[in-house]
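Q: Here it is, the structure in full.
Values quoted throughout were computed directly from the atomic coordinates according to the rules given, and no laboratory measurement underlies them. Remember, predicted model here, so these are calculated numbers, not experimental data. Counting neighbours? That spans all protein chains shown, and the Cβs are built from the backbone with ideal geometry, glycine included.
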Amino acid sequence: MKVNEQSYLGHLKFAKQAAISAGKILLRYEKKIESLSVSYKDAEGLASTADVASEQFIIKEIQKKYPGHFILGEESSFEQAGTNKIELFERCKKEPFSWIIDPLDGTNNYLNRLPFYAVCIALAVKGNPVMGVVYVPSTGEMYEAVKGGGAFFRKAPGERRQRMTCKGFKKDLGQCILATGFSSEKGKVFDKEFTIFKKMLENTRGIRRFGSAALDMCWSARGIIDGFWEKGLAPWDMAAPGIICKEAGLVLSDFSGGKFDPFVPNVIAAPRRIQTKLTKILG
């Protein structure tokens with residue numbers, strides 16, 4: 001077993017347990033979804049009582065287990081720094097250990113009882129993800145990876161986990177089904193995204209928009225879809241699924257083909273031959 005992998009197995013076990021427990025909180029709130037309080041975060045979408053409860057639980061668990069670690073959570077970051085989160089991001093890049101949390105990725109889906117949403121927990125060393133967990137409460141699906149240890153998923157609780165790999169991928173872009181998401185911001189940004197969307201439709205077999213960037217990336221790692229691109233994302237959207245995609249052998253980059261950085265708000269995740277072609281369209 002590789003040294004890196006061994007180093008973070010305890011963190012992985014902890015994150016999986018925390019994600020499952022947070023998922024139970026979300027399922028409880030889902031039963032009374034009509035009564036949930038919902039707030040709007042300008043161009044960054046929605047947050048509900050369920051998002052906050054899930055994140056508060058995860059943060060408390062981390063503080064008990066790893067009291068010296070920095071925590072970057074989607075909801076708490078708005079409380080600490082409003083919509084300007086640059087200082088928090090910069091601090092995360094300097095901290096020896098940071099937990100990056102999305103307590104409910106896919107809030108729009110969740111509020112309509114669409115079961116495509118997830119809990120995301122990542123551990124980063126100076127801003128670089130080394131461990132990630134993405135858990136789907138509605139089905140029990142679990143996606144996980146530790147740096148140097150490969151990427152795995154299980155379909156349901158109790159089932160044996162399976163390795164994910166993109167080895168043997170031979171499709172051309174025209175044979176691919178890709179996934180993406182759209183910015184909540186309207187106007188020129190929105191119009192430009194639809195121009196790109198049209199180009200992608202012209203060059204692929206189809207595009208899907210499921211409503212959870214984390215699960216789109218995990219489905220790319222699993223081979224259910226053939227790749228993913230999106231702009232306007234945040235570290236909590238990409239940190240956990242990013243390490244999962246990398247360990248599955250996908251190439252991650254920004255739109256211009258530069259090195260993947262969860263603090264850069266756009267990402268491509270796809271097998272090498274597809275990632276190269278996507279950068280030509282998006283770059």
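Q: Could you order peptides 142-148, 237-243, 262-268 by the average number of other Cβ atoms within 10 Å of their residues, highest first? Don't skip to the end; give the middle numbers.
A: Working: 142-148: 24.9, 237-243: 30.9, 262-268: 21.1.
Listed from highest to lowest mean packing, they are 237-243, 142-148, 262-268.
Q: Which whole-number percent gives the relative contact order of the chain, counting Cα pairs below 8 Å spaced six or more residues apart? If you can, show how the numbers build up before the last one.
A: Values: 611 pairs, mean separation 47.8, N = 283.
17 percent.
Q: Can you compute the charge dipole magnitude of the chain about its Cα centre, using +1 on each Lys and Arg Cβ and -1 on each Asp and Glu Cβ, nothing else charged? Give it in debye, rounded to the nearest 20. Let's see the in-between values first.
A: Numbers: 42 positive and 31 negative charges, 226 e Å.
That gives a dipole near 1080 debye.
Q: Considering the options Ala240, Trp229, Phe197, tell which one lies farthest towards the positive end of the dipole of the range 173-282, charges being +1 on Lys and Arg and -1 on Asp and Glu at the Cβ, about the Cα centre.
A: Positive-most Cα among the choices belongs to Phe197.
Q: So what is the 222 nm mean residue ellipticity for the chain from helices alone, if each DSSP H run of at least 4 adds -39500 (n - 2.57) and you divide by all residues, rounding to the nearest 500 deg cm²/dmol? All intermediate terms of the calculation are to be shown ahead of the outcome.
A: Details: 9 runs with 117 residues, N = 283.
So the calculated ellipticity at 222 nm is -13000 deg cm²/dmol.
Q: Measure off 7 Å from each Cα along the Cα-to-Cβ vector at Arg272 and Glu34, then give the distance between these two points in nanometres to one decimal.
A: The modelled label-to-label distance comes out at 5.5 nm.
Q: For the range 264-273, just list the computed ³J(HN,Hα) in residue order, Karplus coefficients 6.51, -1.76 and 1.60, θ = phi - 60°, integers in Hz, with x standing in for Gly and Pro.
A: Those phi angles translate into 8, x, 8, 8, 10, 9, 6, x, 3, 5 Hz.
Q: Using the crude model of +1 on Lys and Arg Cβ and -1 on Asp and Glu Cβ, and no other charge, please compute the dipole size for the range 151-245 relative to its Cα centre, in debye to 20.
A: Working: 18 positive and 10 negative charges, 80 e Å.
Once rounded to the nearest 20, the dipole reads 380 debye.
Q: Right, another one. Calculate how many DSSP beta bridges within the range 173-282 are antiparallel, expressed in % of all such bridges and rounded to the nearest 5.
A: Details: 8 of 13 bridges.
Counting only bridges with both partners in the range 173-282, antiparallel ones make up about 60 percent.
Q: Take every Cα pair under 8 Å in the range 187-282 that's 6+ residues apart, average their separations, divide by the length, and report that relative contact order as a whole percent.
A: Working: 130 pairs, mean separation 25.1, N = 96.
Once divided by the residue count of the range 187-282, the mean separation gives 26 percent.
Q: Another question, then. What's the ranking of 219-232, 64-77, 27-40 by average number of surrounding C-beta atoms within 10 Å, highest first? The partial results should precede the final answer.
A: Details: 219-232: 22.4, 64-77: 17.4, 27-40: 11.9.
Top to bottom by mean Cβ count within 10 Å: 219-232, 64-77, 27-40.
Q: So for the range 3-164, averaging the separation of alpha carbon pairs under 8 Å that are six or more residues apart and normalising by length, what relative contact order in percent results? Numbers along the way, then the final one.
A: On the way: 290 pairs, mean separation 36.2, N = 162.
Normalised by residue count, the contact order of the range 3-164 is 22 percent.
Q: Among Tyr135, Gly168, Ala151, pick out the residue whose Cα is farthest towards the positive end of the charge dipole of the range 122-216, where Lys and Arg carry +1 and Asp and Glu carry -1 on C-beta, about the Cα centre.
A: Farthest towards the positive pole: Gly168.
Q: Please tell me which of these pairs span more than 20 angstrom C-alpha to C-alpha: Lys199/Lys231; Lys93/Lys280; Lys13/Lys231; Lys93/Lys167? List each step's numbers first, then the result.
A: Numbers: Lys199/Lys231 16 Å; Lys93/Lys280 29 Å; Lys13/Lys231 31 Å; Lys93/Lys167 31 Å.
Cα-Cα > 20 Å for Lys93/Lys280; Lys13/Lys231; Lys93/Lys167; rest within.
Q: Only four residue types carry charge here, +1 at the Cβ of Lys and Arg and -1 at the Cβ of Asp and Glu. Report the dipole size of the range 3-164 about the Cα centre in Debye, rounded to the nearest 20. Kindly include the intermediate steps, with their values, before the conclusion.
A: Details: 22 positive and 19 negative charges, 148 e Å.
In debye, rounded to 20, the range 3-164 gives about 720.
Q: Which residue, Gly10, Ile71, Ser48, has the largest displacement toward the positive end of the dipole of the range 3-164 when charges sit on each Cβ (Lys, Arg +1; Asp, Glu -1)?
A: Gly10
Q: Translational diffusion coefficient of the range 3-164 at 10 °C, 1.306 mPa s, Stokes-Einstein with Kirkwood Rh over Cα pairs, in µm²/s as a whole number. Don't jump to the answer; show the numbers that get you there.
A: Details: Rh = 16.2 Å.
D = 98 µm²/s.
Q: Turning to a different aspect of this structure: Nearest 5 percent is fine: what portion of the DSSP beta bridges confined to the chain is antiparallel?
A: Working: 37 of 46 bridges.
Looking only at bridges with both residues in the chain, the antiparallel portion is about 80 percent.
Q: Additional query: On a full-extension model of 0.36 nm per residue, what is the gain between Thr49 and Lys259, subtracting their alpha-carbon distance, rounded to one decimal in nm? Before the final figure, lay out each step's value.
A: On the way: separation 210, 0.36 × 210 = 75.60 nm, distance 3.55 nm.
Once the chain is fully extended between Thr49 and Lys259, it gains 72.0 nm.
Q: At 7 Å along Cα-to-Cβ for each site, give me the label-to-label distance between Arg154 and Lys167 in nm.
A: 2.4
Q: Under 5 Å between amide hydrogens, which residues at least 5 positions from Leu72 or on another chain qualify, with H placed 1.01 Å from N in the peptide plane?
A: Sorted by chain and number, the residues that satisfy this are Trp99, Ile100, Ile101.
Q: In sequence order, what are the phi-derived ³J(HN,Hα) couplings for the range 113-125 according to the Karplus relation 6.51 cos²θ - 1.76 cosθ + 1.60 with θ = phi - 60°, rounded to whole Hz, with x for glycine and proline?
A: Result, rounded to whole Hz: 6, 7, x, 9, 8, 8, 9, 10, 9, 10, 10, 10, 10.
Q: Per residue of the range 203-217, in order, report the coupling 6.51 cos²θ - 1.76 cosθ + 1.60 (Karplus, θ = phi - 60°) as ³J(HN,Hα) in whole Hz, putting x for Gly and Pro.
A: Going residue by residue, I get 10, 10, 7, x, 10, 10, 10, 8, x, 9, 4, 4, 6, 4, 5 Hz, with x marking Gly and Pro.
Q: Amide H of Glu141 versus every other amide H placed in the peptide plane: which residues, excluding those fewer than 5 positions away on the same chain, fall under 5 Å?
A: Under 5 Å from the amide H of Glu141 lie the amide H atoms of Val136, each far enough along the sequence or on another chain.
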